[in-house]
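Okay, so here's the structure we're looking at.
Where a number appears in this text, it was derived from the coordinates with a stated rule and is not lab data. As the structure is a prediction and not an experimental result, all values here were calculated from the model. Because the Cβ atoms are built from the backbone with ideal geometry, glycine has one as well, and the counts that use them run over all protein chains shown.
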Amino acid sequence: MTHRQLSRQQLRRVHHRQAQRWAQISEPTPSNAAATGLIISYYGKIAVVETPERQLVRCTLRRHIPALACGDWVVWEPQPDGQGVITALQPRQSLLERPDARGQSRPVAANIDQIAVILAPRPEPSELLLDGYLVAIEAIEVNALVVLNKVDLLTAAELAVWAERLALYSSMGYALIHTSTRQTEGLTALTDALAGHSSLLVGQSGVGKSSLIKTLLPERSIAIQSLSARTGLGAHTTSVSTLYHLPSGGDLIDSPGVRSFDPPRLDAPRLAWCFREFRPFLSHCRFANCTHTAEPDCAVHRAVEHGAIHPQRLHNYQIWYSTFQS
Ligand SMILES: Nc1nc2c(ncn2[C@@H]2O[C@H](COP(=O)(O)OP(=O)(O)OP(=O)(O)O)[C@@H](O)[C@H]2O)c(=O)[nH]1
Ligand SMILES: [Mg+2]
Ligand SMILES: [Zn+2]
């Protein structure tokens, strides 16, 4: 039916409905006051959202919203009580996940472009933990930094031993930075590496993640605790990840320390690719679908024999390969 065929009464009704619709669009009702925000910290049922004006709002989540992570962008609506409700999750540029106790993937941090794995002479680092993080970092294709913190605890000779132990990782092309929160040298290199990036700090409890952030943002109060004198382990001081803005631009996410870190489940070709120094050899095995475990004429095994791949790295690959098969 065209307008010309509408009766006067019908036309009046159409105009009235249109006017009502325009009024709805221009009036500030709760639904059109929806705004975007950045997740600063996330507690499961509650999240702290930062508005583009840098105001913090405590928000609950609509039931359909999946588990969130620091760095997520969301849509939220203000509530009459001054709090907010998150109604939508914006698409993620990147997401680091980690299996929980039941093996289900849980988000750790979103929209990051860099992950710094922090190690320290105490607590004693584990190459399995470092390799687990590096595989997860390669899998989501973000930049990796390896940071050896607390170098003030080492003599020059001890530092040389550590540098040799970690030289393997620089030979693969990973940036390696030595830091101490008690000395300024090294902190400049870290500041430069973090500037302009959205970075996540990860590592064992007690390696000094929060201390490093505190040094970079001196005005913020961040909980830090000494290592247990009995166990030499960290005290799991940080219990919830938090996002901080760097004065020089960029964001930094502090995360709770872990005892171990298994990368997310990957198929064999992807897992092997995530060991970045394996890549030149992967198409030279006798079998195109070689899993680099027990097959004859495997180019990865040959590279280990020739010293181009460290045996510990192949060993760690095989640990996750067999875990992911079961
Ligand atoms: N000697 C020395 N001690 C440090 C350094 N950085 C941190 N520490 C100490 O290490 C301990 C643990 O530091 P935190 O910053 O809480 O460690 P964390 O990695 O955040 O630990 P979690 O929050 O439990 O994951 C504290 O006693 C710090 O003072 C450093 O560069 N040198
Ligand atoms: Mg901490
Ligand atoms: Zn092979």
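Some values worked out for this structure:
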| read-out | value |
| --- | --- |
| Reach of LYS45 by Cα under 18 Å, taken over aspartates and glutamates that are not fewer than 8 positions away in the same chain | ASP72, GLU77, ASP81, ASP100 |
| GluC sites (Glu not before Pro) lying in DSSP loop within the stretch 113-146, provided at most 12 other Cβ fall within 10 Å | GLU141 |
| Cβ charges +1 (Lys, Arg) and -1 (Asp, Glu), total dipole of the stretch 35-89, debye | 180 debye |
| Residues ASP254, ASP262, ASP152, sorted so that the one with the fewest Cβ neighbours within 10 Å comes first | ASP152, ASP262, ASP254 |
| Relative exposure of PHE281, PHE324, judged by other C-beta atoms within 10 Å (fewest first) | PHE324, PHE281 |
| Residue-wise HN-Hα coupling along the stretch 47-59, computed from phi with Karplus coefficients 6.51, -1.76, 1.60 (Hz; x: Gly, Pro) | 9, 9, 10, 9, 7, x, 8, 6, 9, 9, 10, 7, 10 |
| Neighbour-count order for ILE309, ILE319, fewest beta carbons within 10 angstrom listed first | ILE319, ILE309 |
| Set of aspartates and glutamates near LYS150 by C-alpha distance (under 19 Å), chain-local residues within fewer than 8 positions excluded | GLU124, GLU127, GLU158, GLU164, GLU185, ASP192, ASP254 |
| Surrounding net charge for TRP273, when Lys and Arg each add one and Asp and Glu each subtract one, Cβ distance under 12 Å | -1 |
| Cleavage-rule hits (chymotrypsin sites (Phe, Trp or Tyr not before Pro)) in the stretch 37-113: DSSP loop, at most 14 neighbouring Cβ within 10 angstrom | TYR43 |
| 18 Å tail of the calculated P(r), the stretch 268-325, as % of Cα pairs | 20 percent |
| Sum of side-chain charges, TYR169 neighbourhood, beta-carbon under 12 Å (Lys, Arg +1; Asp, Glu -1) | -1 |
